[in-house]
1. Please compute the length gained on full extension between V81 and Q95, using 0.36 nm multiplied by the number of residues separating them and subtracting their Cα-Cα distance.
2. What is the fewest-to-most order of D88, D65 by other Cβ atoms lying within 10 Å of their Cβ?
3. For Y37, which sequence-distant residues (separation of 5 or more, or a different chain) have an amide H within less than 5 Å of its own amide H, given hydrogens modelled in the peptide plane?
4. Grab the DSSP H runs of the chain that are 4 residues or longer, score each as -39,500 (n - 2.57), total them, divide by all residues and round the 222 nm result to the nearest 500 deg cm²/dmol.
Amino acid sequence: MYQRIMVPVDLAHVEQLDKALTTGADMAKLYQIPVCYVGVTAALPGSVAHNPDEYDELLRNFTQDQKENQGLAEVSSMTIVSHDPAVDLDEKLMQAAQDLRADLIVMASHKPGLIEHIFASNAGYVASYSTVSVLVVR
C-alpha cells in the first residue's frame, strides 16, 4: 500500500512526539517500508544545536535510537536548513516529502487552542495542502 513514510520531528519537543513516533513505526513495520525522520533547523544557533551540522548529528542519533527502540528495519534522516523555520516549516516539510518520494506523512499535532482558530497548525496546513496522505496524530 505505502512505499515510504516521512515522520517530521522537532528535537526540542521529542517528549511530545511519542504517539506519532510509535504510529509511524507501527505503520512501517506493518507495510515493511522505510521511515525517514525529517527535522528542520535554522542556520543560527538554537536551543537544540549550535549549527546545522550539530543538529544533523543529533537527528542521525535520534534516528538510530528509533530504529533500535522501535525495531525498525530501515530508517534514514533528513536535516533541512531554513532561514526562518517558523515561517518556512510547512513548505519545507512538503518539499521534503516530494524529495523523499514519501507517500505517507505521519505527523504529530497538539491540542488546538485559540490561535489555531486564526492560524492553521503546521499539521493542519500539511494535511490540507500535501499531495500525499497525511496521518495527524494528537
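1. Contour length minus Cα-Cα distance gives 3.8 nm.
2. Fewest-to-most ranking of D88, D65: D65, D88.
3. Placed amide hydrogens put V7, S76, S77, M78 under 5 Å from Y37.
4. -14000 deg cm²/dmol
Values quoted throughout were computed directly from the atomic coordinates according to the rules given, and no laboratory measurement underlies them. Values in this document were obtained by computation on a predicted structure and should not be read as measured data. Every residue, glycine as well, gets a Cβ built from its backbone with ideal geometry; the counts of neighbours run over all protein chains shown.
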